[in-house]
Amino acid sequence: TDAILRFYESEGREDTVSIELPFKVKASETNHLEDTIGPIGEGARIEFHIKPWEIKTLRLARVP
């Protein structure tokens, strides 16, 4: 089962978000209906860019 994570940038600044997990995942960006937009990365550490006031949704699938 995949996990859905939703992020909101609430301070009006661009930034890089870093997620560290105890296992490897394949991360994809989705829209608000959770349809896949494109890949973000793969590994135990995922980084992505977020714009001011942006809502970003990621789907994380565990890699065996």
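What follows is calculated from the coordinates using simple rules that are stated; it is not laboratory data. Quick caveat: nothing in here was measured; it's all calculated off a predicted structure. Every residue, glycine as well, gets a Cβ built from its backbone with ideal geometry; the counts of neighbours run over all protein chains shown.
When Lys and Arg each count +1 and Asp and Glu each count -1, what net charge do the other residues less than 13 Å away from Glu14, Cβ to Cβ, add up to?
Details: positive: Arg13, Lys51, Lys56; negative: Glu9, Glu11, Asp15, Glu54.
The answer is -1.
Pop a pseudo-label 7 angstrom from the Cα along the beta-carbon direction at both Asp35 and Phe48 and give the gap in nm to one decimal.
Modelled inter-label distance: 1.7 nm.
In the chain, if the dipole is taken from +1 on Lys/Arg beta carbons and -1 on Asp/Glu beta carbons about the Cα centre, which of Thr57, Leu33, Pro22 is farthest to the positive end?
Pro22
Near Glu29, within a Cβ-to-Cβ distance under 9 Å, what is the net charge of the other residues, with Lys and Arg +1 and Asp and Glu -1?
Its environment carries a net charge of +2.
How long is the gain from Asp2 to Arg62 if the chain were fully straight, where each residue apart is worth 0.36 nm and the alpha carbon distance is subtracted?
20.9 nm
Could you give me the ³J(HN,Hα) list for the stretch 4-12, computed from phi with Karplus coefficients 6.51, -1.76, 1.60 and θ = phi - 60°, whole Hz, x at Gly and Pro?
10, 10, 10, 10, 9, 8, 9, 10, x
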